[in-house]
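Before any comments, here is the structure.
The values are calculated or read from the model by the stated rules, or taken from the named source; none is laboratory data. What you see is a predicted model, and the numbers here were worked out from it, not measured in a lab. Reconstructed Cβ throughout: ideal geometry from the backbone, glycine too, with neighbour counts over all protein chains shown. We work out accessible area using only protein heavy atoms, side chains counted, and drop any ligands, DNA or RNA first. Shrake-Rupley method; radii C 1.70, N 1.55, O 1.52, S 1.80 Å.
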Amino acid sequence: MNELGACVFCDPSDEMQERVIRESDTWRSIISNPTFRENHALVMPRRHAAEVGELMPDEVVAIWREAGRIASLIDVGFGYQVLQKFEPRKPDGSIKQSHLHFHVFPRLKDDGIFAIPECNAESGFYRLDRSTAQKEASRLR
């Protein structure tokens with residue numbers, strides 16, 4: 001688990017359950033909240049894992065299939081990005097969680113091969129109201 005105790009992804013709140021897009025025995029996809037962009041989703045293993053190397057081969061395949069499915073739905077004409085950052089020394093908080101997860105979000109303009117997404121700055125995140133988060137999750141099912 002993380003340094004602060006219980007993992008919010010392993011023991012999801014009712015609010016997080018309302019943001020679930022889809023789930024299986026091995027993975028779960030949810031709308032990110034806080035978010036930095038419309039239709040910003042997270043795809044993660046159901047069991048607690050902190051690093052990519054902890055995933056079993058069947059989990060890797062299943063997680064990437066779901067990430068690809070979501071990506072095809074959110075592309076607004078400029079493609080999409082899938083991002084995962086491993087920051088073991090940074091404590092968990094409202095934005096950072098030690099449970100492995102992949103961010104899937106639409107690119108908004110054609111700005112080069114390796115564009116720097118707003119998610120690299122915590123100031124770019126904002127909270128979705130419950131209704132908006134539920135609508136985004138429903139749209140991506």
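For region 1-50, the set of residues classified as of a type in the set (F, W, Y) and on the phi > 0 side of the Ramachandran plot is empty.
Of all the numbered requirements in (1) small (G, A, S); (2) crowded, with 20+ Cβ neighbours inside 10 Å; (3) free of Cβ contacts under 8 Å to residues at least 24 places away in the same chain, S98 misses one, and that requirement is (3).
Which residues, taken from region 63-94, are among the basic types (K, R) and either in contact with a strand residue (DSSP E or B) (Cβ under 8 Å, 6 or more places away or on another chain) or at pLDDT 95 or above (or both)? Write out each step before concluding.
Let us first name the residues in region 63-94 that are among the basic types (K, R), namely 65, 69, 85, 89-90.
Selection gives R65, R69.
Of G93, G77, G68, all but one fail to be part of a loop (DSSP other than H, G, I, E, B), without any contact (Cβ under 8 Å) to a residue 12 or more places away in the chain, on the phi < 0 side of the Ramachandran plot and among the small types (G, A, S); the exception is G93.
Quick check: anything in region 83-93 surrounded by 15 or more Cβ atoms within 10 Å (Cβ to Cβ) and of a type in the set (A, V, I, L, M, F, W, C)? For region 83-93, residues surrounded by 15 or more Cβ atoms within 10 Å (Cβ to Cβ) and of a type in the set (A, V, I, L, M, F, W, C): absent.
Yes or no, residue by residue, for (1) in contact (Cβ under 8 Å) with a residue 40 or more places away in the chain; (2) open to solvent by less than 60 Å² (accessible area, probe 1.4 Å); (3) part of a strand (DSSP E or B):
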{"residue": "C7", "(1), (2), (3)": "yes, yes, no"}
{"residue": "M16", "(1), (2), (3)": "no, yes, no"}
{"residue": "D25", "(1), (2), (3)": "no, no, no"}
{"residue": "R28", "(1), (2), (3)": "no, yes, yes"}
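Conditions (1) in a helix (DSSP H, G or I); (2) within 20 Å of C10 (Cβ to Cβ); (3) modelled with pLDDT of 95 or more, marked per residue:
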residue	(1), (2), (3)
V104	no, no, yes
G112	no, no, no
A115	no, no, no
C119	yes, no, no
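Filtering region 65-81 to residues that are closer than 19 Å to E51 by Cβ and loosely packed, with under 15 Cβ neighbours inside 10 Å leaves nothing.
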